[in-house]
Amino acid sequence: MITMEDREKYPYCTDSSILGMKLVSGLKNEVLLDIKEHGPKAEGYRAVLTLMGKETNPHWILGRIAEEMYARDLITHPQFDAFWERYS
């Protein structure tokens, strides 16, 4: 469910984008770290991709995941860059 608070937090995003950001921000650290290790083969990544639907760019999801890991201090800036280069 998308709330007015979500719309205020992400004023320039589509409903689909807001949903994706909420899905990624709701992932547990263990799931994010599994995605860091296994990339697109990770079960958590595939689950988000499935929930978002075929029309969603998989690289967009990986980007949001990388940003979430960085925001939670699960990866450093060089690790962020390496993750992005590896999977983009």
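The values are calculated or read from the model by the stated rules, or taken from the named source; none is laboratory data. What you are looking at is a predicted structure, and each value in this text was computed from that prediction instead of being measured. Quick reminder, even Gly has a Cβ in these numbers, built from the backbone with ideal geometry, and neighbours come from all protein chains shown.
Brief remarks follow.
- Of the set (1) loosely packed, with under 12 Cβ neighbours inside 10 Å; (2) under 20 Å from Arg86 (Cα atoms); (3) not aromatic (Phe, Trp, Tyr), all apply to Met1 but (2).
- Restricting the range 10-48 to residues that are assigned to a loop (DSSP other than H, G, I, E, B) and of a type in the set (A, V, I, L, M, F, W, C), the residue that is surrounded by the most Cβ atoms within 10 Å (Cβ to Cβ) is Leu27.
Residues checked against (1) within 12 Å of the chain's Cα centre (by Cα); (2) modelled with pLDDT under 95:
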| residue | (1), (2) |
| --- | --- |
| Lys28 | yes, no |
| Val31 | yes, no |
| Asp34 | no, no |
| Thr50 | no, yes |
| Gly53 | no, yes |
| Asn57 | yes, yes |
| Leu62 | yes, yes |
| Met69 | yes, no |
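- Within the range 54-77, the residues that satisfy the criterion of being hydrophobic (A, V, I, L, M, F, W, C), without any contact (Cβ under 8 Å) to a residue 40 or more places away in the chain and in a helix (DSSP H, G or I) are Leu62, Ala66, Met69, Ala71.
- Scan of the range 29-42 for residues that are out of contact with any Gly (no Cβ under 6 Å at 6 or more places or on another chain) and touching a residue at least 12 places away in the same chain (Cβ under 8 Å), ordered by number: Asn29, Leu32, Leu33, Lys36, Gly39, Pro40
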